[in-house]
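Notes follow the structure.
Each value in this text was obtained by applying a stated rule to the coordinates, not by laboratory testing. All figures in this text were calculated on a predicted structure; none of them were measured in a lab. Note: ideal-geometry Cβ built from the backbone for every residue, glycine included; neighbour counts use all protein chains shown.
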Amino acid sequence: MNAAPVLVSYTAAVGFVVPRLLLRAAWPHGCPALAAAVWHALLVSFSIGAALAAYNLAVPAEHLEAGLLGLLHSCGLQFRGGEPDPHTADQLAVALPAALGTALVVSFALHVVRARRVRTRHREAVDLVGRRSARLGATVLPYGIPAAYCLPGHRPRIVISDAAVRELTPEQLGAVLEHERGHIAGRHHLVLAAVQAFHSVFRLLPLARHAREQTALLLEMVADDRALRRHSSEALATAMYEMAAARTPKDAFAAGGHMVVIRVKRVLGPRKPPHPALWSFVAVVAVAVPLLPLLAACPPGLN
């Protein structure tokens, strides 16, 4: 028995159906860190499922005609000797998953290197133009609009405009700085690089598009939650509103941004954490989902 039909169906469900169900769920905004983990688990599961599906399509099951080469032969593609070569099928079975894995790894590395290069150039410019504030633990830039962002990674920086220092209250300023520290401490730039790498490889896939958008929003919520542990929701929401119109670098994490409306509603709304049973169930699902393609490829009792 060949597991290819099951694996193809599974990857199709993960890539097209599951993202819509997750977008309609209400719990992710209540537990953003866990929700981000679920999105990443889906990316890993889809990648493993796609690799295994490619392998099973290339490898013959009981007869060579059941494999991908047999399918191509039946569609009119001629092989040397008139029939597909089993050795070619074996090579193709290894090459397809290897190519997929290599594409994902290379894409991730390119995103990390490119973003690091951009942040390094920006950090050098910030150090030249701005002034370091030991009290704030940030670099203050001359800018007429309240703004704040961080440059994570090696030698991280928190950057804040002098307008924000002047116009925000001490509690609002503290909430903004704590938000940016949350991005740096959580190494959120690597999390985003992973979803961006997946999106580069599977650009037309709904899972790739929604995972990139939702992960960016959920990471902002994770940083918001860190700020709310020490500061009031009113202070954080007001500060976000004040900085909503500010422009920030593309590869930086900003306290404002186009997601402010959703975040402000969440910060000011009733904050009821998910039930422990739901939290535990979702955590188990996040761990188990990447293993499902392996179970589909090697079902119990399969000889």
Write down Rg/Rh for the chain, rounded to two decimals, with Rg from the C-alpha atoms and Rh from the Kirkwood relation over Cα pairs. 1.10
Computed about the Cα centre, the charge dipole of the chain from +1 Lys/Arg and -1 Asp/Glu charges at the Cβ has a magnitude in debye, to the nearest 20, of 1220 debye
Peptide ranges 127-135, 157-165 listed from the most packed, as the mean C-beta count within 10 angstrom indicates: 157-165, 127-135
Trypsin sites (Lys or Arg not before Pro) in region 193-264 lying in a DSSP loop, each with at most 15 other Cβ atoms within 10 Å of its Cβ, come to Arg203, Arg229, Arg230, Arg247, Lys250
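Taking loop as defined by DSSP and a crowding limit of 16 other beta carbons within 10 Å, which GluC sites (Glu not before Pro) in region 110-210 fit?
Working: sites: Glu124, Glu167, Glu171, Glu178, Glu180; in loops: none.
Those that pass, being in a loop and sparsely packed, number zero.
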Spin-label pair Val284/Ala245, simplified geometry with 7 Å Cα→Cβ offset, distance in nm: 5.1 nm
Please give the Cα centre distance for region 269-286 versus region 103-172, rounded to the nearest Å. 33 Å
Here region 205-300 gives, from Cα atoms, an Rg and Dmax in Å of 17.7, 58
Could you check the spin-label model distance between Val94 and Arg20? Points 7 Å from the Cα along Cα→Cβ, value in nm. 4.0 nm
What's the exposure ranking of Thr120, Thr139, going from fewest to most Cβ atoms within 10 Å? Thr120, Thr139
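Could you tell me the relative contact order of region 157-303? Use alpha-carbon pairs under 8 Å, at least six residues apart, and round to a whole percent.
Values: 99 pairs, mean separation 34.8, N = 147.
Computed value for region 157-303: 24 percent relative contact order.
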How far is helix 188-201 tilted, in degrees, relative to the longest principal axis of the Cα atoms in the chain, given as a value from 0 to 90 rounded to the nearest 10? 40 degrees
If you rank Met243, Met259, Met221 by fewest surrounding Cβ atoms within 10 Å, what's the result? Met259, Met221, Met243
Going from the fewest other Cβ atoms within 10 Å to the most, one would list Arg123, Arg24 as Arg24, Arg123
What do the square roots of 5 times the Cα gyration tensor eigenvalues come to for region 118-186, in whole Å, largest first, as semi-axes of the equivalent ellipsoid? 18, 15, 9
